[in-house]
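To start, the structure itself, in structure tokens.
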Amino acid sequence: MKYEDFHRRSIEQPEEFWGEQARAIHWNKAPETILDYSNPPFRKWFAGGETNLCFNAVDRHLAERADQLALVAISSETDVTREITYRQLHREVNTFAAILRALGVGRGDRVVIYMPNMAEAVFAMLACARIGAVHSVVFGGFAAHNLALRIDDATPKLLICADAGMRGGKVIPYKPLVDAACSAAKSPPPKVLIVERGLDPGHAVVEGRDEHYAPLRAQYDGAEVDVEWLESNEPSYLLYTSGTTGKPKGVQRDVGGYAVALALSMWSIYDVRAGQVMFSTSDVGWAVGHSYNVYGPLIAGATSVLYEGLPTNPDPGVWWRICEQYGVRTMFSSPTGIRVLKKQDASFLKKHDLSKLQWLFLAGEPLDEPTAQWITDGIGKTIIDNYWQTETGWPVLSLMPGLDLKPVKFGSPGLPTPGYRLRVIDDVTGEDVPAGTKGVLVIEPPLPPGCLTTVWNDDARFLSSYFSHFKELLYSSLDWAIRDEDGYTFILGRTDDVINVAGHRLGTREIEESCSTHPSVAEAAVIGVHDELKGQVPVVFATLKRQDESASDAAAGMQQRVVEQLGGVAKPARVYVVNALPKTRSGKLLRRSLQALAESRDPGDLSTLDDPGALEEVKRALERGA
Ligand code: ATP
Ligand code: MG
């Protein structure tokens, strides 16, 4: 079917369209109303319908594909690979659900899951879904402080953790972090369930609070736990945003709308159907991990590959070896992941048989052209830029190879996905801007199925964060965009990442793109720094592909390119070459912290910072001078 017709129908006749899509999942009770929009901008999809995410992801497939692989969990850290069929997954999830019940967890109770990419994290999520408990997965390896903040927001009945994670061969004990977080939290969970991997055998145990998984699993093995049928709009899970721009928001997801949106996206966007294989390199703790490592592929009856480990261990070909071994059809990763490989020997891209691989989707941050070109040439596959947010739960902009693949345009994540009414509007007047002009990307409500229903426990923050920016009731993405004549949207960065140089408004993204075209540059971060004369000036922090290249040549080269490509007004006032850039744990640049340091201010909330060393390095670079 043609993309244009499909998309038009989704926004002109949303109830018919989504009513049809809803048939892709199992309903215990059919929806009474496809869309209830009586209280804008809150909306209810499939109101009155009863369904369950776990039933759709697991039980429903037993009749036809019990012996097909559901989950392959590969760890290059522990050197363990687990291949789990739908039948085995069903058994594990039932056992886990029985354990949850035994620990006092019921419908509507929150469960915090603090685990690395391992099979039990998936069992735990699905077990919560089965009994109607609301999971909140916190990225494993976040510091105790981050965990405590999320515990206090979610007030869980239970916290499930691994004894430890591993990164680059180093054991990272989780249990001390859990204990510290529970001490720091105002409302710590009454129970903690520890999944032991044998990585930290000596961990402390709190009597009466801590339980171990292995003995409970043996005790409840073979148990059967009835599926709890939930009204479509009950919460399924909470997930906190990355915290790139401020304090993370607790995104609340529903049940029915989410399942329907994922089912649609699996075939139409990701081109993966039952029996096929999808490999997402995301962590289960991110939005991509929830939607495309766990619920999406399983709802579709596909095989999901979960990977714990670095993209470079045991060698930089590890992802492609996995693709070859399991016949991966669609792979999903991030620009950051590809940039890591870009610093390695490119011959690793050619060592494996990738004949089954069709598509590589990249999401989470801007995909710069040089990186897109490098990986396109390297693996000879179609690379699809994917734009979405934790809030939306699935892509907002993408190409849709499962439906009708439109030409790739580097630098653009493409066209609106079904159900999204997108506009690009002037940030001051709120009027639509013409093609080729920059504005704020907004979604006209009602938000499609799959998007957040509210901010957990905070409807006021839901309204103020997303719906209070314009006269009209519009969801602001808080991202700048340009739409071209063909309707392709280009994302230019966040609305708080704009530099105002002597009255000219420049997007940091454009300057970063320009710097990245320099052959020595691995990655560039651009910020606006206060300037007496001009208001603000652009300042660049960049990493180079090779340590032995001349920093001063690269700096001069970047400045020259920016002047050539964007004009003298955009010329970076200073360029700092560093070994690492400060990023969130999800791989996003923390420009606000760079800016604060460059302006000698406090770098602010650093709770989601990945590598504190990177910030120290930036401080030293600033002291040394550009
Ligand atoms: P917070 O909202 O807490 O500040 P965050 O916005 O980084 O954190 P996420 O929901 O993980 O949290 O990220 C969504 C954002 O990532 C988008 O709003 C956009 O700025 C950026 N992004 C995601 N995908 C793309 C893409 N393909 N191209 C450009 N930017 C992207
Ligand atoms: Mg955001």
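Bear in mind that the values in this text are calculations on the coordinates, not laboratory data. This is a predicted model, so every value here is computed, not measured. Note: ideal-geometry Cβ built from the backbone for every residue, glycine included; neighbour counts use all protein chains shown.
Of all the criteria given as (1) buried (at least 23 other Cβ atoms within 10 Å of the Cβ); (2) within 16 Å of ligand 1 (Cβ to nearest atom); (3) under 24 Å from L452 (Cα atoms), the one not satisfied by M331 is (3).
Scanning the stretch 62-80 for residues that are touching a helix residue (DSSP H, G or I) at 6+ places or on another chain (Cβ under 8 Å), exposed (fewer than 15 other Cβ atoms within 10 Å of the Cβ) and under 20 Å from A121 (Cα atoms) turns up nothing. Take the residues in the stretch 191-248 that are among the charged types (D, E, K, R) and assigned to a strand (DSSP E or B); name whichever of them is nearest to ligand 2 (Cβ to nearest atom). This residue is E231. Here G198 fulfils each of the conditions (1) within 25 Å of L310 (Cβ to Cβ); (2) surrounded by 14 or more Cβ atoms within 10 Å (Cβ to Cβ) apart from (2). Which one is surrounded by the most Cβ atoms within 10 Å (Cβ to Cβ), of the residues in the stretch 241-290 that are within 16 Å of ligand 1 (Cβ to nearest atom) and basic (K, R)? Going through the qualifying residues, I end up with R253.
From the list A525, A502, the lone residue that is of a type in the set (G, A, S) and within 16 Å of ligand 1 (Cβ to nearest atom) is A525.
Put simply, of K356, K350 the only residue that is away from ligand 2 (no atom under 16 Å from the Cβ), under 26 Å from F410 (Cβ atoms) and touching a Gly at 6+ places or on another chain (Cβ under 7 Å) is K356. Looking at T33, T95, can you tell me which residue is free of Cβ contacts under 8 Å to residues at least 60 places away in the same chain and over 22 Å from F279 (Cβ atoms)? Exactly one of T33, T95 is free of Cβ contacts under 8 Å to residues at least 60 places away in the same chain and over 22 Å from F279 (Cβ atoms), namely T33.
Only one entry of L447, L463 meets the criterion of being hydrophobic (A, V, I, L, M, F, W, C) and not in a loop (DSSP other than H, G, I, E, B), and that entry is L463. Close contacts from the stretch 585-608, counting a first residue that is closer than 14 Å to G364 by Cβ and a second that is polar (S, T, N, Q) and in a helix (DSSP H, G or I), with Cβ to Cβ under 6 Å and a gap of 6+ residues or different chains, come to G587/T336. For the condition within 16 Å of ligand 1 (Cβ to nearest atom) and closer than 30 Å to Y3 by Cβ, N293 qualifies. At least 3 residues being of a type outside the set (A, V, I, L, M, F, W, C) is the threshold, and among the strands (runs of 3 or more DSSP E) wholly inside the stretch 1-94 those reaching it are 33-39, 80-85.
Looking only at residues of the stretch 505-522 that are under 24 Å from the mean Cα position of the chain (by Cα) and part of a strand (DSSP E or B), we find that the one that is nearest to ligand 1 (Cβ to nearest atom) is G507. Summed over the stretch 233-292, residues that are hydrophobic (A, V, I, L, M, F, W, C) and more than 24 Å from D605 (Cβ to Cβ) total 15.
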